[in-house]
Amino acid sequence: MKLPFLGSRLVVFTAHPDDEGLAAGTMYENHRAGGKTFLICATSGEKGKSHLARPVSDAALARIRRGELRAAAKALKIDRVIFFGFPDAGVRANAARLYAKAVPVITRLKPDRIVSFGPDGVSAHWDHITVGRVARRIAKKLKTPLAAFTLTPEVIRVRRNQKTMFLKRRKFGKYAGIPELREGDIKIKINAAVKRRAMRHHVSQFGTRPPFAELPKTLRDKMMGYEYFVEEKI
């Protein structure tokens, strides 16, 4: 495993509020190590309605989810949250605009490293994949190291046996298919209590369920102990 990248200027580039959970503990540890973290969220997550207790409009859910992310960011000691406001489930169609908007913002932030999605998008969501592609282009342009989110080895093994689930998701048009998940070469020990506390702010998505409730408890616990990343070659 490579050494962690803590105590530096990180730009974490995500697609939706709650995506930051993939690096929540790492962002908190970066703060503890004296670093600065800037979180960019491409959308406001207004289409994430499948877990809502009662229906709300897209505009209302966008406001709710922005508020949830700001509360989670406060718990994680993130220095700044930036929303770009691109349409949820529509990032792929706006990839060129996303790149044009993100380049000057990230350039001004002068990161030591960018953290975002890899080619698999973790879940194969097109918004994730597109944000990852844009992050790669920017990292290459700025000659900045890039790390991609990934899951714990145990969860990756489970996901590789869930092909039917991913194929069912594909019919909705938001997903590319079965993600080719990669095991990480960067492993960071995190504070499980801090990560859980931050993720609980996403009430619109998790309700009273624990984050990653679809996984067995033993696997959820493993996701709360360490976070993994792939060092990308750019």
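Where a number appears in this text, it was derived from the coordinates with a stated rule and is not lab data. As the structure is a computational prediction, the values presented were derived from the model and not from experiment. Don't worry about glycine lacking a Cβ; one is built from the backbone with ideal geometry, like all the others, and counts go over all protein chains shown.
Treating only the Cβ of Lys, Arg, Asp and Glu as charged (+1, +1, -1, -1), what charge dipole size does the chain show about its Cα centre? Round to the nearest 20 debye.
220
Is the C-alpha gyration tensor of the stretch 134-234 telling us rounded, prolate or oblate? Criteria: a/c under 1.5 is rounded; beyond that, a/b larger than b/c is prolate, otherwise oblate.
It is oblate, given that a/c is not under 1.5 and a/b is not larger than b/c.
Specify which residue in the list V103, P55, F13 is farthest towards the positive end of the charge dipole of the stretch 1-150, using unit charges on the beta carbon of Lys, Arg (+1) and Asp, Glu (-1), about the Cα centre.
Projecting each Cα onto the dipole axis, the largest value belongs to V103.
For the stretch 1-82, give the magnitude of the charge dipole about the Cα centre (Cβ charges: +1 Lys/Arg, -1 Asp/Glu; no others), in debye to the nearest 20.
That gives a dipole near 180 debye.
Could you point to the residue in I190, A148, G90 farthest towards the positive end of the stretch 9-231's charge dipole, with +1 and -1 charges on the Cβ of Lys/Arg and Asp/Glu respectively?
It is G90, whose Cα lies furthest towards the positive end.
Which one of A147, A102, A213 has the biggest mean-square fluctuation once the chain is modelled by GNM with Cα springs under 10 Å?
Among A147, A102, A213, the largest GNM mean-square fluctuation belongs to A213.
Using alpha carbons only, how many angstrom separate the centre of the stretch 164-199 from the centre of the stretch 90-116?
What the calculation gives is 21 Å, centre to centre.
Could you pull out the pairs from K195/K217; K140/K189; K47/K195; K101/K187 whose alpha carbons sit more than 26 Å apart here?
Pairs exceeding 26 Å: K140/K189; K101/K187.
Let me check against my output: what whole-number percent is the relative contact order of the chain, with C-alpha pairs under 8 Å and at least 6 apart?
It comes to 26 percent, rounded to a whole number.
Expressed in nm², what is the orientationally averaged projection area of the convex hull enclosing the Cα positions of the chain?
Seen from a random direction, the Cα hull of the chain projects 11.5 nm² on average.
For I40, list long-range residues whose amide hydrogen, built 1.01 Å from N in the peptide plane, is under 5 Å from its own amide hydrogen.
V12, F13, T14, I82
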